[in-house]
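The values are calculated or read from the model by the stated rules, or taken from the named source; none is laboratory data. No experiment lies behind these values; they were computed from the predicted model shown. Neighbour counts run over all protein chains shown; Cβ positions are idealised from the backbone, glycine included. Each accessible area value is taken on the protein alone, full model and side chains, heavy atoms only, with ligands, DNA and RNA left out. Shrake-Rupley method; radii C 1.70, N 1.55, O 1.52, S 1.80 Å.
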Amino acid sequence: MTTFTALWKPSTPKIAEAFAKQRQAGESTDIEYRIVRPDGERRWIHDRSFPIRDESGQVCRLAGIAEDITERKQTELALQELKKELKQRVEERTAQLKQTNRQLEYEIRERQQIEVSLRFFEERFRTIFEQAAVGINIGSADGRFIQINQKTCDIIGYSADELQTKTRLDTIAPQYRQAYRHRSEAIFRGECHTFSIELQLIHKEGHPVWVNITVSILSTRDGNPRYDVAIVEDISDRKRIERELRTSQQKYKTLFETLPIGVGMTDETGNFIEANAALERIVGISIGDGRQYTCHEPPWQPMGADGIPMLPEELASVAALTESRIVEDCEERITNGNGEITWLSVTAAPIPLDRYGVAIAYLDITERKQTEQMKDEFIAIASHELRTPLTSLRASLGLLATGKLGNLSDSGKRLLEFAVLDTQRLVRLVNDILDLQHLKFGAQALNFQACPLDRPIQQAVSVIEPIAQNAGITLSICSVSEIAYIDPDSIVQVLTNLLANAIKFSSRGETVWLSVSSQEGQLCVSVTDCGRGIPVDKLGNIFEPFSQVNTSDSPTDEGTGLGLAICRSIIDRHGGRIWVESSLGEGSTFYFTVAVSTSGRSQSASTSN
């Protein structure tokens, strides 16, 4: 016997379990479930059942209605699938819309940023275009102006409105139009992308303006040239400078070639790279003969005034090159290619340019030297010839002054006194001239030896001290222990001369100081007075022969004007240096240097009245 439960096979175990519990409890049921028919077909059943009880209240049977709801379920399931599919499609579409919306928002923001950037760059371009320091203009293929900045207008004097009625060729000077047209047509044919040309524009006022124009092409997206951009640079100042430079170079070249002074220039290593005709004539060489000449080892042999060959470091050109300083009036003697002796005064100065060394000027002073030699020889001969009669004259005047040849009137005695003084001055002058000539030509031999410098100082003081006492001058002499390499007698002559001058230009009651200091292997002797000082215009030639400061307020016993010249000759023979420092109204200090023989110094001031 087949029961209902045998046919009832709920597809879901939980539903079957719930149905069984309701039946055991005697409760009504309202449930949907599936069954499997004997042929295996599954059907949906809507079961509504209720229990039937007996008199004792026990469930004796069940009654119910089973409704086949398969079609409804299938419809519901189809609707659920459709709803599910619709939900999925809605979700997908919503996601797509959200993605599209986000993409649109991004594109909108990006476009806004691009628009902002475009506005910024457009404004920036407009600012650059309008405020550029060079002229900028955009033109069409037929040469007409499309856009023009203010600088372009400033360069040629036209307004932007006026230029837009013209073509570029209208503003170009006639002699340059063909060259510009040829290049402009080439750039629009695609033969080149840019070109530059220097030419003249015609200003509105009619005068030419030199410019450099650089033209570049502006193409469409398909690469076809449409516009060109011209950068116009005003080069009038540069052209003016170039013209002035060419003029200056021509002037320099003319001066360089025609200058009677020999001029040469070297590179940074000292090799001659230029020389004018005068230099080639003076030294007897030619820079263009294919050989290399250098200032370190010139093809001529430079000799000093003493006839000894000069070392390279003694040459003015080498000193200027290695020490980067100006060296002036360095005298040297050479023998040119013809075997003739030539005296040169050489001045050299560094050239402050890359790859250049020094400029050297060679002044031929041969005639001056010959004249000086003739003058010196004449003075020496004349002095020798004057010495004997002057000696005789001085003796005769001295004899007259003794009264042994008879008495003179008072006026005769005064005249005789003046004659004696003038004769003595002439004798000193002749002696000084002879001493100066002997020193200059080396005829007077100097006996160099290691000698305490204090010895010639004391000898000079012993000679000068009576003169100082008579003039009321105080001598402040340092005590020195250094050993100098000198000729003592000639140094006594220098000290005596300097001290005598200091006393002569000092007032009664003042002090003259003599001190010694050590300076880099040399001893520096200084003589200082508090006199009226030396005018600035006299300082440059104070050591020249016969150069004297006005002595109208000094004692009547004036000097010969050769004392300082003799001092300089003596110090030059010692290889030292002599100079003066002076302040007008405050006094003067004369300095000279001599070589140290041994080191060590101790000096203390002592006073002699």
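Considering each residue of segment 588-609, count those that are of a type outside the set (Ser, Thr, Tyr), in contact with a helix residue (DSSP H, G or I) (Cβ under 9 Å, 6 or more places away or on another chain) and either farther than 28 Å from Glu510 by Cα or modelled with pLDDT of 85 or more (or both), and give that number.
Selection size over segment 588-609: 3.
Say whether the condition of being assigned to a helix (DSSP H, G or I) and touching a Ser or Thr at 6+ places or on another chain (Cβ under 8 Å) is met by at least one residue in segment 452-459.
Within segment 452-459, one or more residues are assigned to a helix (DSSP H, G or I) and touching a Ser or Thr at 6+ places or on another chain (Cβ under 8 Å).
One residue is enough: does segment 254-274 have a residue meeting the conditions closer than 30 Å to Ala320 by Cβ, touching a His at 6+ places or on another chain (Cβ under 6 Å), surrounded by 11 or more Cβ atoms within 10 Å (Cβ to Cβ) and touching a residue at least 12 places away in the same chain (Cβ under 8 Å)?
For segment 254-274, residues closer than 30 Å to Ala320 by Cβ, touching a His at 6+ places or on another chain (Cβ under 6 Å), surrounded by 11 or more Cβ atoms within 10 Å (Cβ to Cβ) and touching a residue at least 12 places away in the same chain (Cβ under 8 Å): present.
So in segment 444-453, with the set limited to residues that are open to solvent by less than 50 Å² (accessible area, probe 1.4 Å) and either in contact with an Asp or Glu (Cβ under 8 Å, 6 or more places away or on another chain) or among the β-branched types (Val, Ile, Thr) (or both), which one is farthest from Ser518 (Cα to Cα)?
Going through the qualifying residues, I end up with Leu446.
This table checks each residue for (1) on the phi < 0 side of the Ramachandran plot; (2) surrounded by 15 or more Cβ atoms within 10 Å (Cβ to Cβ).
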{"position": "Ala277", "(1), (2)": "yes, yes"}
{"position": "Ile308", "(1), (2)": "yes, no"}
{"position": "Ser324", "(1), (2)": "no, no"}
{"position": "Glu332", "(1), (2)": "yes, yes"}
{"position": "Thr342", "(1), (2)": "yes, yes"}
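Hey, among the residues in segment 346-372 that are assigned to a helix (DSSP H, G or I) and among the polar types (S, T, N, Q), which one's surrounded by the most Cβ atoms within 10 Å (Cβ to Cβ)?
Thr366
State the number of residues belonging to segment 489-512 that are surrounded by fewer than 18 Cβ atoms within 10 Å (Cβ to Cβ) and without any contact (Cβ under 8 Å) to a residue 40 or more places away in the chain.
Residues that pass the stated criteria total 5.
Among all residue pairs at least 6 apart or on different chains, which show Cβ distances below 7 Å where the first residue, located in segment 124-139, is open to solvent by 40 Å² or more (accessible area, probe 1.4 Å) and the second is among the acidic types (Asp, Glu) and modelled with pLDDT of 90 or more?
From residues that are open to solvent by 40 Å² or more (accessible area, probe 1.4 Å), the pairs are Val134/Glu233.
Name the pairs whose Cβ atoms lie under 7 Å apart, with the first residue in segment 519-535 and closer than 15 Å to Ser481 by Cα, the second among the aliphatic types (A, V, I, L, M) and in a loop (DSSP other than H, G, I, E, B), and 6 or more positions between them or separate chains?
What qualifies is Leu523/Leu453.
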